[in-house]
Amino acid sequence: MSISDPISDMICCIKNAQAVNKDSTTTPASKLKKAICSVLQQEGYIRSFEVVEKDGHPRLKINIKYYQNKPVIEMFKRVSKPGLRQYRGGQELPRVDAGFGTAIVSTSKGIMTDKDARANNIGGEVLCVIK
């Protein structure tokens with residue numbers, strides 16, 4: 001079975017794991033997903049992630065972070081989709097929840113937060129928003 005939007009699949013896995021209070025979830029691994037998880041870990045939305053081997057295929061194990069028995073991630077939404085890509089310039093990047101949330105942006109310098117991209121005046125594809 002092929003997945004038409006792997007990033008949405010990863011987001012859905014994380015949301016489903018949080019809904020049933022699981023400690024971790026797994027999803028097929030890719031360089032893009034690892035970069036997104038790296039940003040999520042740096043921003044404090046997940047505890048950690050690692051690449052594990054299952055049936056000869058790399059899988060991404062994401063350890064969910066909770067605070068006072070509630071998930072740290074309140075909202076996780078895909079912005080740019082395969083059918084409608086969303087590109088923004090360096091100063092046009094969205095401010096999520098008045099700066100309390102984070103937008104993850106794919107730029108020519110790699111995957112980074114909206115704050116880092118805005119500081120470097122680099123635009124790119126807005127992959128997802130999180131708070």
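Apart from one condition, C13 fits all of (1) touching a residue at least 60 places away in the same chain (Cβ under 8 Å); (2) under 22 Å from A103 (Cβ atoms); (3) not in a strand (DSSP E or B); the exception is (1). Counting only residues that are crowded, with 20+ Cβ neighbours inside 10 Å and either assigned by TED's automatic domain parsing to the domain that holds G110 or under 11 Å from the mean Cα position of the chain (by Cα) (or both), the range 8-32 holds 3 of them.
On the given criteria, is A29 closer than 19 Å to G101 by Cα and of a type outside the set (D, E, K, R)? So that I can check it myself, show each step before the final result.
Details: closer than 19 Å to G101 by Cα: no; of a type outside the set (D, E, K, R): yes.
Here the answer is no, as A29 does not meet what is asked.
Filtering the range 39-46 for residues that are assigned to a strand (DSSP E or B), free of Cβ contacts under 8 Å to residues at least 60 places away in the same chain and in the same structural domain as I11 (by TED's automatic domain parsing) leaves a non-empty set. Would you please name the residue that is surrounded by the most Cβ atoms within 10 Å (Cβ to Cβ), looking only at residues in the range 89-106 that are more than 14 Å from G44 (Cα to Cα) and aliphatic (A, V, I, L, M)? This residue is V105.
Let's see how each residue does on (1) of a type in the set (S, T, Y); (2) surrounded by fewer than 15 Cβ atoms within 10 Å (Cβ to Cβ); (3) at pLDDT below 95:
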site	(1), (2), (3)
E43	no, no, no
S48	yes, yes, no
E53	no, yes, no
I62	no, no, no
N69	no, yes, yes
V72	no, no, no
F76	no, no, no
L84	no, yes, no
Y87	yes, yes, no
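If I ask for residues that are of a type in the set (V, I, T) and either under 19 Å from G110 (Cα atoms) or out of contact with any strand residue (DSSP E or B) (no Cβ under 6 Å at 6 or more places or on another chain) (or both), which ones from the range 15-43 would you list? Of everything in the range 15-43, those that are of a type in the set (V, I, T) and either under 19 Å from G110 (Cα atoms) or out of contact with any strand residue (DSSP E or B) (no Cβ under 6 Å at 6 or more places or on another chain) (or both) turn out to be V20, I36, V39.
The values are calculated or read from the model by the stated rules, or taken from the named source; none is laboratory data. What you see is a predicted model, and the numbers here were worked out from it, not measured in a lab. Positions of Cβ are backbone-derived with ideal geometry, glycine not excepted, and every protein chain shown enters the neighbour counts.
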